[in-house]
Amino acid sequence: MKKTIALLFSAMLLLVLSACGGTQTNNNSAGESNVTPKAELVINATNYQFDQQVYHLKKDVPVKIVFKNEAGNHGVMIPKLNLQLDSEHESAVVTPTEAGEFDIACSIMCGTGHSQMIAKIVVE
């Protein structure tokens with residue numbers, strides 16, 4: 001019962017955060033429009049999973065992150081990179097300025113497997 005309530009609360013919080021939108025800026029420079037990417041990362045989503053559990057990026061290297069929704073209705077949220085992508089905003093250029101592991105989660109409530117739809121980005 002407690003897990004269900006926590007899951008519902010988390011899903012509602014994600015929906016509220018995704019609805020807030022707006023300009024996104026932080027040390028990781030999400031959505032840099034004037035920076036030429038030196039790498040590209042494609043994240044594919046199918047029903048209740050991303051195509052990889054761990055993605056790798058290099059610190060201080062601009063990368064174009066592309067989100068592809070292969071099956072179902074999904075989005076991707078990477079809070080530490082201040083980045084959210086979905087079917088309307090499919091790509092952005094970011095420059096990770098901190099090394100570490102960054103959580104990736106589905107940003108659109110997609111059904112019973114939504115809470116298991118997680119992965120990581122490792123910045124080295």
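I want to confirm something. Restricting to the stretch 84-124 and keeping residues that are part of a loop (DSSP other than H, G, I, E, B), under 20 Å from residue 69 (Cβ atoms) and among the charged types (D, E, K, R), which single residue is nearest to the chain's Cα centre (by Cα)? Spell out how you get there, then give the answer.
Taking the stretch 84-124 first, the residues part of a loop (DSSP other than H, G, I, E, B) are 86-90, 95-99, 106-113, 117, 124.
Imposing the further condition that a residue be under 20 Å from residue 69 (Cβ atoms) reduces the set to 86-90, 106-113, 117.
Imposing the further condition that a residue be among the charged types (D, E, K, R) reduces the set to 86, 88, 90.
Working: 86: 9, 88: 14, 90: 11 Å.
Ranking the candidates gives 86 first.
Taking the conditions (1) under 17 Å from residue 49 (Cβ atoms); (2) touching a residue at least 40 places away in the same chain (Cβ under 8 Å); (3) aliphatic (A, V, I, L, M) in turn, residue 71 satisfies each one other than (2). Residues that are farther than 11 Å from residue 45 by Cα and assigned to a strand (DSSP E or B) within the stretch 67-83 comprise 77, 78, 83, listed in sequence order.
Any idea how many residues of the stretch 91-102 are free of Cβ contacts under 8 Å to residues at least 60 places away in the same chain and either among the small types (Gly, Ala, Ser) or surrounded by fewer than 13 Cβ atoms within 10 Å (Cβ to Cβ) (or both)?
First pass over the stretch 91-102, keeping only residues free of Cβ contacts under 8 Å to residues at least 60 places away in the same chain: 91, 99-102.
The next check asks that each one be either among the small types (Gly, Ala, Ser) or surrounded by fewer than 13 Cβ atoms within 10 Å (Cβ to Cβ) (or both); those that pass are 91, 99-101.
Summing the residues that are free of Cβ contacts under 8 Å to residues at least 60 places away in the same chain and either among the small types (Gly, Ala, Ser) or surrounded by fewer than 13 Cβ atoms within 10 Å (Cβ to Cβ) (or both) in the stretch 91-102 gives 4.
Consider the stretch 34-70 and keep the residues that are over 17 Å from residue 119 (Cβ atoms) and surrounded by 16 or more Cβ atoms within 10 Å (Cβ to Cβ). The one that is modelled with the lowest pLDDT is 37. None of 59, 64 is in a strand (DSSP E or B) and either of a type outside the set (Val, Ile, Thr) or without any contact (Cβ under 8 Å) to a residue 12 or more places away in the chain (or both) except 64.
The values are calculated or read from the model by the stated rules, or taken from the named source; none is laboratory data. Source: prediction; values computed, not measured. Cβ atoms come from the backbone with ideal geometry, glycine included; neighbour counts cover every protein chain shown.
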